[in-house]
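Beneath this line is the structure, given in structure tokens, with notes to follow.
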Amino acid sequence: MVNSFDAELQQRLAAIRDAGLLRELRRVDSPQGPHIEIGGRTLLNFSSNDYLGLANHPALKEAAIKATEKFGAGAGASRLICGSLAPFHKLEEALAAFKGTEAALTFSTGYATAVGTITALLGKDDIIILDKLVHASIVDAAKLSGAKLRVFAHNDLNDLEDKLRWSSSFSLPGNTLKRELQPPQTLVVTESIFSMDGDAAPLREIVALKEKYGAWLMVDEAHATGLYGKNRRGLAEELGVSDRIEIQMGTLGKALGASGGYICGSRALVDFLINRARSFIFSTAPAPAAAGAAHAAIRLVQSVEGQKRNEQLWSRVMELQSQIPNPKSEIPSAIIPVIIGDESAAVAAATQLREQGLFVPAIRYPTVARGAARLRVTLTAAHTPEDVTTLTRALGQIGHPQSATGN
Ligand SMILES: *Cc1c(COP(=O)(O)O)cnc(C)c1O
């Protein structure tokens with residue numbers, strides 16, 4: 001019995017391997033940083049989302065240790081069951097103040113944030129409209145909600161408006177005569193900076209459209225929190241639309257260097273999620289250490305050092321973009337895709353780079369579309385100008401000096 005089970009899985013794995021899509025874990029024997037140790041070698045790392053270089057920062061580690069010493073290694077249960085530990089409350093107060101919202105709620109991961117929030121707010125009578133390239137956590141959440149699902153072409157405002165027009169046909173007055181028959185609610189979801197292309201959503205125009213059609217808007221700032229705007233709140237701040245977005249989502253594990261996810265918004269939104277978000281209710285609270293580290297990161301991002309790290313990151317981005325422009329976005333980002341296309345060719349390119357001492361991940365289906373495989377370069381504040389030169393030289397040597405314009 002067990003053998004036939006394994007035989008079946010081995011067959012499936014062989015099919016994945018044949019398609020050039022096999023994934024394997026690569027053990028790292030060092031902290032995350034610009035240099036990581038893999039298989040006894042030190043590699044120059046262009047793979048992490050630790051954009052400000054905070055994951056191994058002494059202030060975050062110290063805060064994690066302090067939180068552990070004071071509140072223990074584990075949280076004991078869900079925050080609604082055994083009481084909600086102080087570090088989570090302090091973190092949420094700091095987050096709301098940082099983002100300039102009434103309230104904030106944190107989750108164990110960004111994935112759990114998307115799933116819990118979307119399924120709490122929308123049900124089978126409602127409509128969700130997604131950008132084609134939103135993160136898997138949002139796609140999964142939308143499917144799980146049971147709502148009618150529509151996808152608009154990436155960053156395509158005309159297509160979004162078509163879908164919004166379609167959705168508004170459901171809320172004709174005839175549908176609301178019976179008071180218990182609410183018209184369906186429509187939610188639009190996009191990322192602000194897209195995780196695999198590094199391009200930016202036209203948030204001002206999307207906000208205007210969702211207001212025109214009475215829809216709600218959720219923006220996932222996973223790759224923008226801590227990086228954009230005067231207070232480094234995210235792209236919504238930079239574009240001046242934060243207070244017109246109902247649901248501001250982000251993660252604590254990227255530029256903030258810790259782990260977890262958050263929702264920022266009104267007190268009513270947070271109170272509602274505490275009552276209805278199943279990934280919050282039915283899940284043990286994160287370790288106090290994670291809350292301590294994330295809180296320290298928020299303080300750091302708002303400090304003079306945070307400002308300096310931010311400037312360092314953007315200097316590195318400009319240096320790289322002067323060599324390898326990302327034609328997909330006028331707004332620069334720390335994510336620079338080098339499109340290769342073929343899945344096996346992307347893996348081969350990553351292998352060649354690794355042989356030269358550089359760690360750059362090959363990103364393939366299903367993370368991106370088939371035939372749109374790429375090297376995904378990410379920069380951090382901890383990289384030096386020399387690191388960037390090493391990267392562009394190595395990319396040139398393997399024949400991929402340009403990021404493509406297509407896809
Ligand atoms: C990483 C990511 C998430 C998930 O966050 P985790 O904390 O890693 O679970 C959600 N949305 C986007 C856009 C992401 O890039």
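The values are calculated or read from the model by the stated rules, or taken from the named source; none is laboratory data. From a predicted model like this one, the values you see are computed outputs, not experimental measurements. Backbone-built Cβ (ideal geometry, glycine too); neighbour counts: all protein chains shown. Ligands, DNA and RNA are stripped out before the accessible areas are found, and what is left, the full protein with its side chains, is counted by its heavy atoms. Shrake-Rupley method; radii C 1.70, N 1.55, O 1.52, S 1.80 Å.
Worth a mention:
- Computed over the stretch 219-353, the convex hull of the alpha-carbon atoms projects to a mean area of 11.3 nm².
- Sequence-distant contacts, meaning Cα pairs under 8 Å at least 6 residues apart, place the relative contact order of the stretch 1-120 at 9 percent.
- DSSP bridge pairs, the chain: antiparallel proportion in percent, nearest 5: 55
- Remark: the Gln10-Thr42 segment gains 8.3 nm on full extension, using 0.36 nm per residue and subtracting the alpha carbon distance.
- Length released on extending from Glu62 to Glu330, taking residue separation times 0.36 nm less the Cα-Cα span: 92.7 nm
- Our helix-only sum for the chain, with -39,500 (n - 2.57) per DSSP H run of n ≥ 4 divided by its residues, gives a mean residue ellipticity at 222 nm of -12500 deg cm²/dmol.
- Phe282 versus Lys308: modelled label distance in nm, points set 7 Å from Cα along the beta carbon direction: 4.8
- Average accessible surface for the stretch 1-152: 53 Å² per residue, computed with a 1.4 Å probe over protein heavy atoms with every protein chain in place.
- Label-to-label distance for Glu24 and Ile81 is 3.9 nm, based on points extended 7 Å past Cα in the beta-carbon direction.
- By accessible area, using a 1.4 Å probe on protein heavy atoms only, the chain has 53% of its surface on carbon and sulfur.
- Extension gain for the segment Arg244 to Lys143, taken as residue separation times 0.36 nm less the Cα-Cα distance, is 33.8 nm to one decimal.
- For the chain: rounded, prolate or oblate by the Cα gyration tensor [a/c cutoff 1.5]: rounded
- Of the chymotrypsin sites (Phe, Trp or Tyr not before Pro) in the stretch 276-328, the ones in a loop by DSSP (not H, G, I, E or B) with at most 14 other beta carbons within 10 Å are Phe282.
- Relative contact order (%) - the chain, alpha-carbon pairs under 8 angstrom, separation at least six: 23
- The simple spin-label model puts a point 7 Å past each Cα toward its Cβ; for Asp162 and Ala345 those points are separated by 3.0 nm.
- Among Ser344, Ser322, Ser48, the largest mean-square fluctuation in a Gaussian network model of the chain, built with springs joining Cα atoms closer than 10 Å, belongs to Ser322.
- Of Lys61/Lys328; Lys132/Lys328; Lys230/Lys328; Lys163/Lys254; Lys254/Lys308, those spanning more than 27 Å from alpha-carbon to alpha-carbon: Lys61/Lys328; Lys163/Lys254
- Peptides 10-16, 65-71, 283-289, 381-387 ranked from most to least packed give 283-289, 381-387, 65-71, 10-16, packing being the mean of other C-beta atoms within 10 angstrom over each peptide's residues.
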